[in-house]
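The values are calculated or read from the model by the stated rules, or taken from the named source; none is laboratory data. None of these values were measured; they are calculated from a predicted model. In this analysis, Cβ positions are derived from the backbone assuming ideal geometry, glycine residues included, and neighbour counts consider all displayed protein chains. Only protein heavy atoms, including side chains, enter the accessible area calculation; ligands, DNA and RNA are left aside. Shrake-Rupley method; radii C 1.70, N 1.55, O 1.52, S 1.80 Å.
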Amino acid sequence: MDTFYEDLAEYYHLLFEDWSRSIERQAAVLGPLLERYTGRGAPRVLDCACGIGTQTLGLAQRGHDLVASDLSRASVARAEREARLRGLEVPFHVADMRDLSAHPAQDFDAVLVADNALPHLLLKEDRDRALQEMAGRLRPDGVLIVTLRDYDRLIQTRPAMQPPSFFGEPGSRRIVHQVWDWEGTEYDVHLYISLETDAGWVVKHFVSRYQALLREDLNASLSVAGFADIQWLEPEATSFYQPVVIARR
């Protein structure tokens, strides 16, 4: 594992203009999807790539029964702290999505892996193993929800960067941008957060590698893991910023 999320954990909220509002907005989209596809008003959800809690916190605030984990110890520690600040009781664990034995229960209504986390797994065998682990935590007829970038579109042009975003007020602004360095179907994301301080600008640089996970390949891995009724919901239909994949055990 690279140290991307270990290093980024204390800065992750700076990627958003207003992280708290983003938590609310994402829960306002993912919450109804979880309720619709599980048939439950307060589904029991395992967020197995929770990061610092962007989805977990909002869904817990919505009344869902959340359990969360992430491979990054620093991210889990930050998520636990953010949950306490909001008065939320969420069990957090450090766990690799390829080995979810830290969650022995097999009665989750849904497993969530959001924010383009699955494409961190560069090898097909790792992806297949992770999806099998997720399937093993679901009750019969439970659902998996994945959000990820639209790689079928991105692979056509292999963009070299995402345009910079400027946040904050003069004197305490920040600039967030990414440079993507492609190598075949993999690419390194160079994430830059430039912070304006009294002493001048300070630049934080973080790097991680992703696999451009095509729809055909994800669908095949989902089928191998025992999932069926695979649906791709486009941003135009959900108002979510990434495609949302829903599959049923």
Practice item. For the stretch 2-25, indicate whether the set of residues that are polar (S, T, N, Q) and over 24 Å from ALA102 (Cβ atoms) is non-empty. Key: yes
Check your understanding: What tally of residues in the stretch 202-226 results from selecting those that are of a type in the set (A, V, I, L, M, F, W, C), open to solvent by 10 Å² or more (accessible area, probe 1.4 Å) and touching a residue at least 40 places away in the same chain (Cβ under 8 Å)?
Key -> 5
Exercise for review: Could you please let me know if GLU169 is free of Cβ contacts under 8 Å to residues at least 40 places away in the same chain, charged (D, E, K, R), out of contact with any strand residue (DSSP E or B) (no Cβ under 6 Å at 6 or more places or on another chain) and over 29 Å from CYS48 (Cβ atoms)?
Suggested key: yes
Check your understanding: Has the stretch 47-60 got at least one residue that is more than 17 Å from the chain's Cα centre (by Cα) and more than 20 Å from ARG21 (Cβ to Cβ)?
Key -> no
Study note, to complete from the structure: The strands (runs of 3 or more DSSP E) lying wholly within the stretch 171-249 that contain at least 1 residues that are at positive phi are 200-211, 228-233
Point to revise | Options ASP181, ASP198; residue that is open to solvent by 20 Å² or more (accessible area, probe 1.4 Å) and either under 19 Å from the mean Cα position of the chain (by Cα) or modelled with pLDDT under 95 (or both) | key: ASP198
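Evaluate the following for HIS93: is it over 18 Å from the mean Cα position of the chain (by Cα) and either more than 19 Å from LEU214 (Cβ to Cβ) or at pLDDT 95 or above (or both)? Steps first, please.
On the way: over 18 Å from the mean Cα position of the chain (by Cα): no; either more than 19 Å from LEU214 (Cβ to Cβ) or at pLDDT 95 or above (or both): yes.
No, not satisfied.
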Exercise for review: Identify the residue in the stretch 155-170 that is hydrophobic (A, V, I, L, M, F, W, C) and not in a loop (DSSP other than H, G, I, E, B) and, among all such residues, is nearest to TYR37 (Cα to Cα).
Suggested key: ILE155
Check your understanding: Condition test on ASP152, is it touching a residue at least 60 places away in the same chain (Cβ under 8 Å), assigned to a loop (DSSP other than H, G, I, E, B) and under 19 Å from the mean Cα position of the chain (by Cα)?
Key -> no
